[in-house]
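Enquirer: Here you go, one structure.
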Amino acid sequence: MTVSRSHPSALRFLIGQELRTARLRAKVSQVDAAAELGCSQPKINHMESGKFQQQPDDVAKLMRLYRAAPAQIGRIESLIGRADEGTQLAAYSDVLPDWFRTFAELEALAAGQFTYQAMALTGQLQTEGYATALLGGGLQIAALDLPRAVKARMARQRVTNEVDPLNLEVVIEEDTLSRLVGGPAVMTEQLRHLLELTKRPNIKLQVMPKQVAVHVGLDGDFTLLNFAEAQSIGYTEYQTGSLLVQDPDQVALYKLIADRLQALALSADESAQVILDHVDRLQRA
């Protein structure tokens, strides 16, 4: 099955984010923006939230009001021009939680991604067996929907795409490698899969060693999505939902945390050796 890697609602979200950020930087109110377009203030709010498709003329007029650079206006016009592309993961929309669907759509548009996870491997790295055990042990997916939820997770993965691979950087805790998700056989397969992925030029996987007991990632897991045509977005999850972080200053803080985590973690080569050591231990057990 071929899954399109774009979704109109995700594109509208990115366009809206650019509009809102540009307006706030220019210190223009939504009321003044509405006056520029000759429309109501709620329309500006809907444009910034991405609730409906923004029109090129309206966007260009607002961005000129916000004194945006021509390059930034060009990026937004490029996004608007792709708004009629096909849906991403549409076949699995019924098994994706509503709060997760926007992230999945944005992830499909991203050029690069950084993820720190303390307890489990990120979905882009998971094998089918690992994903089945992980999703099956949670409360968010009904048992009846589990097979399709796993297929949706596999469909999201872009790290091995030949045409448009996702540039992925990940920091995981060493304890994650010891957690026998699905049992020894499933975990052995998963660790071998990680070793194969570390050979790819678009993947940088680092292990945070147990010796580093305290670091800036202890406040929680997070993901950064980087786009070729839009500003970066932060993303965090909690038990009943998620948060998309759009404020540039907050996103910059996440980037600083990511840099510090990577500086503290083992190098990519050292991390691959640690993974191999865990495979050897499982085989001897």
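Enquirer: Ala108 fails exactly one of the following numbered conditions: (1) open to solvent by less than 30 Å² (accessible area, probe 1.4 Å); (2) part of a loop (DSSP other than H, G, I, E, B). What is the number of that condition?
Expert: (2)
Enquirer: Among the listed residues Thr198, Thr160, Thr240, Thr236, identify the single one that is of a type in the set (Ser, Thr, Tyr), under 29 Å from Ile141 (Cα atoms) and touching a Leu at 6+ places or on another chain (Cβ under 7 Å).
Expert: Working: Thr198 fails: under 29 Å from Ile141 (Cα atoms); Thr160 fails: touching a Leu at 6+ places or on another chain (Cβ under 7 Å); Thr240 fails: touching a Leu at 6+ places or on another chain (Cβ under 7 Å).
Just a single option satisfies the conditions, and that option is Thr236.
Enquirer: Name every residue in segment 224-249 that is among the small types (Gly, Ala, Ser) and within 15 Å of Thr102 (Cα to Cα), in order of residue number. Outline the logic, then answer.
Expert: In the first step, residues of segment 224-249 are kept if they are among the small types (Gly, Ala, Ser); the result is 228, 230, 232, 234, 241-242.
If the condition is that a residue be among the small types (Gly, Ala, Ser) and within 15 Å of Thr102 (Cα to Cα), then Ser232, Gly234, Gly241, Ser242 are the ones that fit.
Enquirer: Which one is modelled with the highest pLDDT, of the residues in segment 135-150 that are surrounded by fewer than 19 Cβ atoms within 10 Å (Cβ to Cβ) and within 20 Å of Leu191 (Cα to Cα)?
Expert: Gly136
Enquirer: Return the pairs, sorted by first residue and then second, in which the second residue is in a helix (DSSP H, G or I) and open to solvent by less than 40 Å² (accessible area, probe 1.4 Å), the first residue lies in segment 117-146 and is among the acidic types (Asp, Glu), the beta carbons are less than 9 Å apart, and the residues are 6+ apart or on different chains.
Expert: Glu128/Val150; Asp145/Val95
Enquirer: Against the definition (open to solvent by less than 10 Å² (accessible area, probe 1.4 Å), touching an Asp or Glu at 6+ places or on another chain (Cβ under 9 Å) and outside any helix (DSSP H, G or I)), how does Gly182 come out, yes or no?
Expert: It is false that Gly182 is open to solvent by less than 10 Å² (accessible area, probe 1.4 Å), touching an Asp or Glu at 6+ places or on another chain (Cβ under 9 Å) and outside any helix (DSSP H, G or I).
Enquirer: I'd like the residue in segment 155-170 that is open to solvent by 50 Å² or more (accessible area, probe 1.4 Å) and under 18 Å from Gln190 (Cα atoms) and, out of all such residues, is farthest from the chain's Cα centre (by Cα). Quick ask: steps written out before the conclusion?
Expert: If we filter segment 155-170 for residues that are open to solvent by 50 Å² or more (accessible area, probe 1.4 Å), which is where we start, we get 160, 162-164, 167, 169.
Within this subset, residues satisfying the condition of being under 18 Å from Gln190 (Cα atoms) are 160, 169.
Values: Thr160: 16, Glu169: 11 Å.
Per the stated criteria, the residue is Thr160.
Enquirer: Suppose the filter is part of a helix (DSSP H, G or I), open to solvent by less than 30 Å² (accessible area, probe 1.4 Å) and on the phi < 0 side of the Ramachandran plot; does Ala131 pass it?
Expert: Spelling it out, Ala131 is indeed part of a helix (DSSP H, G or I), open to solvent by less than 30 Å² (accessible area, probe 1.4 Å) and on the phi < 0 side of the Ramachandran plot.
The values are calculated or read from the model by the stated rules, or taken from the named source; none is laboratory data. This one's a predicted model, so the numbers in the text were calculated from it and none came from an experiment. Because the Cβ atoms are built from the backbone with ideal geometry, glycine has one as well, and the counts that use them run over all protein chains shown. Ligands, DNA and RNA are excluded from the accessible area calculation, which covers all protein heavy atoms including side chains. Shrake-Rupley method; radii C 1.70, N 1.55, O 1.52, S 1.80 Å.
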